[in-house]
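Working notes for the structure below.
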Amino acid sequence: MDQDFLEHADLQIRHNNKEHRTDEIDTNRLIVRRGQAFKIRLEFRSGHVDKYAGNLHFVVEPGNPHLQQYAKKVSFTLSSEDTRNNWSASVVKKNSKSMEISILPPPNAITGLHVLKVQTSETLNSGLFLGKFIILFNPWCTDDAVFLELEEERNEYVMNENGFVYLGNADWISQRSWNFGQFDKDIIDICLQLLDRSHNNLQDPLSDYTRRNDPVYVSRIISAMINSNDDNGVIQGRWDDNYENGTCPTKWNGSNAILRQWSNSGFKPVKYGQCWVFASILCTVMRCLGIPTRVVTNFDSAHDTDGNLFIDEYYDIMGKMIEKDTRDSIWNFHVWNECWMQRRDLPYGYNGWQVLDATPQERSNGIFCCGPTSVKAIKEGAVHLDYDGSFVFAEVNADVISWLVKISSPKKEKIFQNSKRVGRRISTKSVWNDSRVDITSNYKYDEGSEMERKTFQRALEMMKSTDSRVVNNSRLTLSEVDGTDNSSPPAPPGFRLKLKVLESAVFGQDIHIAVLSSNQTSQKKKLSISLTVQAMENNGRPGRLVLQKTSSIELSPKADVKTEYWIPYLTYKKHITHSNLLNASVVGELNDTHEKLLAERKITLENPSLDIEVNGPVILDKPCIVRTTFKNTLPEDIHNSILKLEGSGLIHRQITIQLGTIKIGHTLRIQSEITPFKPGSRNLQALFTSDQIKSITGYKDVTVISRHY
């Protein structure tokens, strides 16, 4: 039979992409969401419509030529029935020369690049090529495993190209704007490259391809591929403050520059990232693929290396934090993702938000990845469920043990055990506006409550039954976890020690802190105080010593004493890292009983502000002026200053402006021109960097209108 029975095939790309909410990605190639029909129009050569109307077979096969030779092809015929669990096609309308056909991918269709062909029953071994198309997950489809019920949540967690990452510390939370840009035209291709470059695909491409219908599987692959540790993934992590041969993590403003650099370099890992960069890139990729995703920050996040739900911290007699005998740490903050999906691989009740973490911390089944972990399972202590439940549980609910170490003695003295310190103010962006939402209650019951302690016991019990390391290393018997707050040994009765920041801690200004000592007994006491201030990395590793002070005070009965200290800018600027983080700790010792007290406070230094203004109405495809204002409030000149602007739909790639040296007290006003190329609500991000101030970020919400009214 003549294979040229078709005159023309129209995939109706613009119409289909608009209906499938993919027109922001591309309008020149077909991109559809599974579980939702798309339409094509076939024009036949004269007299062929009636002849072949009931005799057409459609074929869907992998878009990767390497897989086409042995992967199973999907074949289906025209039918009037809507078979939602299988591929189907039906005639919408026809005339003597053409037919409009509706093709329905099932809600569990394999995602990725595919080829569509048409053939007749007489020529089943060959077919006419109609075109290539991409299938994405579909959170609008009730039968898709990623279905999300509220339209507002779908708009936020799939369609929103901008967002915030929450940084700082639990007592001083800041937000950083981020350009996810998941609908930039080339990003979907890079997302598919990520899947094709994975270990799973390289080792067994057929098995990998057939499992790409499962969001659990796909999310785990992406978690591994964002970091570079095992597979030349997207970005390499670094936390030692040495970024000379790469880009400092604080100098990224969006995901797409990183993804493009990885792809354009022949898949060489980009240098460098830290947790918020890993999480933001993962959010871009998952939203692009159609899986609802949000960025989540856990303050005082535990990194439990030996898997026993206890974090050891060591201090010397001066209160300086030291590294000893353990890789355990408490990150000032740690950023991961939550993805919304059904967990058909788990018992009933664990659907919904799942933790996914691309930051390389510990291996999972031999690979640096983490999750997906059911948030509900973490709250209930079901740490035995796939994947990585025990690690995530420790991040939000481990107990912390503080030890005092004397250089002259091999013994260590237990100062404090705290069950409330880890997993504080877990935060994500609101669906409804730009505010922060505290979701700590999703992960655990109220700290110190009976339910929280019972959950801790349940988790510890499960871990002990599956891992001998927990039995050997545990510092707490199950009988001791009884629903009370295990903060032992307690401070000496009647005494209290506290650290307080007296004024806002701003980078470039001296920092004013105080040690508050309280004696509520009826006896006069003498107290020796040792204060230490250190630079810190975000991952909890202590840095350089900034300041040490010792003093002795007398505490009258029923009295409080405030001892004030100043940390000069010229002192801390030489030691502070890109994280702008200091750790102040004080050890107090009662002279008569030698009992110890410990207080600690993280200090995140706030940067000067960056102001952005956009003049007049912002009109599609019309140039507009952006003004960025910065004032140098430091007591010195700022050198090698750079301003970067970017924003999805507003700027192609980035605008980079070299600003050079900014004198003390000088205000700089920078004028830039942008031409928006996508309508709707947009977000303009600005990033300022220099030798002295490592990064300042700012943002401006912009509404782009199609024409001027």
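The values are calculated or read from the model by the stated rules, or taken from the named source; none is laboratory data. This one's a predicted model, so the numbers in the text were calculated from it and none came from an experiment. Note that each Cβ is placed from the backbone with ideal geometry, even for glycine, and that neighbours are counted across all protein chains shown. All accessible areas refer to the heavy atoms of the entire protein, side chains included, with ligands and DNA or RNA removed. Shrake-Rupley method; radii C 1.70, N 1.55, O 1.52, S 1.80 Å.
Before moving on, here are some points about what is shown:
- Residue in segment 531-539 that is at pLDDT below 95, open to solvent by 50 Å² or more (accessible area, probe 1.4 Å) and either among the basic types (Lys, Arg) or assigned to a loop (DSSP other than H, G, I, E, B) (or both) present: no
- Residue within segment 167-180 that is at positive phi, out of contact with any helix residue (DSSP H, G or I) (no Cβ under 7 Å at 6 or more places or on another chain) and open to solvent by less than 10 Å² (accessible area, probe 1.4 Å) present: yes
- From the options 161, 149, residue that is out of contact with any strand residue (DSSP E or B) (no Cβ under 6 Å at 6 or more places or on another chain) and under 15 Å from residue 289 (Cβ atoms): 161
- Unique residue being loosely packed, with under 15 Cβ neighbours inside 10 Å, closer than 15 Å to residue 494 by Cα and out of contact with any Cys (no Cβ under 8 Å at 6 or more places or on another chain) when the list is 568, 557: 557
- Residue within segment 616-634 that is acidic (Asp, Glu) and either open to solvent by 40 Å² or more (accessible area, probe 1.4 Å) or out of contact with any strand residue (DSSP E or B) (no Cβ under 6 Å at 6 or more places or on another chain) (or both) present: yes
- Unmet requirement for residue 331, which otherwise passes all of (1) assigned to a strand (DSSP E or B); (2) within 19 Å of residue 421 (Cβ to Cβ); (3) open to solvent by less than 10 Å² (accessible area, probe 1.4 Å): (3)
- The residues listed here are 392, 400, 375, 405; of these, the one that is among the aliphatic types (A, V, I, L, M) and within 26 Å of residue 199 (Cβ to Cβ) is 392.
- Residues (open to solvent by 10 Å² or more (accessible area, probe 1.4 Å), assigned to a helix (DSSP H, G or I) and not β-branched (Val, Ile, Thr)) located in segment 429-462: 441, 442, 450, 451, 454, 457, 458, 461, 462
- Residues located in segment 126-164, provided they are charged (D, E, K, R) and more than 22 Å from residue 115 (Cβ to Cβ): 143, 144, 149, 151, 152, 153, 154, 156, 161
- Residue 378 vs. criteria open to solvent by less than 30 Å² (accessible area, probe 1.4 Å) and under 17 Å from residue 302 (Cα atoms): yes
- Restricting segment 299-351 to residues that are out of contact with any Asp or Glu (no Cβ under 6 Å at 6 or more places or on another chain) and among the polar types (S, T, N, Q), the residue that is nearest to residue 457 (Cα to Cα): 308
- Verdict on residue 319 being on the phi > 0 side of the Ramachandran plot and open to solvent by 10 Å² or more (accessible area, probe 1.4 Å): no
- Residue in segment 87-101 that is of a type outside the set (Phe, Trp, Tyr), outside any loop (DSSP other than H, G, I, E, B) and open to solvent by 80 Å² or more (accessible area, probe 1.4 Å) present: yes
- Pairs where the first residue, in segment 233-250, is over 23 Å from residue 642 (Cα atoms) and the second is assigned to a strand (DSSP E or B) and among the basic types (Lys, Arg), C-beta under 7 Å, 6+ apart: 236/271
- Residue match in segment 512-521 (condition: within 46 Å of the chain's Cα centre (by Cα), among the hydrophobic types (A, V, I, L, M, F, W, C), over 30 Å from residue 335 (Cα atoms) and open to solvent by 20 Å² or more (accessible area, probe 1.4 Å)): yes
- Annotation note: Cβ proximity below 7 Å between a residue of segment 331-359 that is without any contact (Cβ under 8 Å) to a residue 24 or more places away in the chain and a residue that is buried (at least 24 other Cβ atoms within 10 Å of the Cβ) and hydrophobic (A, V, I, L, M, F, W, C) (sequence gap 6+ or interchain) occurs for no pair.
- Set side by side, the residues 352, 366, 307, 290 differ, and just one is surrounded by fewer than 24 Cβ atoms within 10 Å (Cβ to Cβ), at pLDDT 95 or above and on the phi > 0 side of the Ramachandran plot, which is 352.
- Filter result for the condition that a residue is farther than 26 Å from residue 521 by Cα, in a loop (DSSP other than H, G, I, E, B) and open to solvent by 50 Å² or more (accessible area, probe 1.4 Å), over 574, 549: 574
- Strands (runs of 3 or more DSSP E) lying entirely in segment 342-428 (those with 1 or more residues that are under 24 Å from residue 239 (Cα atoms)): 352-357, 370-374, 399-405
- Number of positions in segment 580-608 that are out of contact with any Leu (no Cβ under 9 Å at 6 or more places or on another chain) and under 14 Å from residue 504 (Cβ atoms): 2
- Cβ-Cβ under 6 Å pairs, at least 6 apart or on other chains, segment 547-568 side within 14 Å of residue 582 (Cα to Cα) and in contact (Cβ under 8 Å) with a residue 60 or more places away in the chain, far side surrounded by 13 or more Cβ atoms within 10 Å (Cβ to Cβ) and among the hydrophobic types (A, V, I, L, M, F, W, C): 548/318
- Restricting attention to segment 43-61, the residues that are modelled with pLDDT under 75 and among the aliphatic types (A, V, I, L, M) add up to 1.
Results for (1) in a loop (DSSP other than H, G, I, E, B); (2) not hydrophobic (A, V, I, L, M, F, W, C), shown as yes or no for each residue.
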{"position": "148", "(1), (2)": "yes, no"}
{"position": "156", "(1), (2)": "no, yes"}
{"position": "189", "(1), (2)": "no, yes"}
{"position": "221", "(1), (2)": "no, no"}
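- Single residue of 227, 245, 232 found to be open to solvent by less than 10 Å² (accessible area, probe 1.4 Å) and either within 18 Å of residue 286 (Cβ to Cβ) or of a type outside the set (Lys, Arg) (or both): 227
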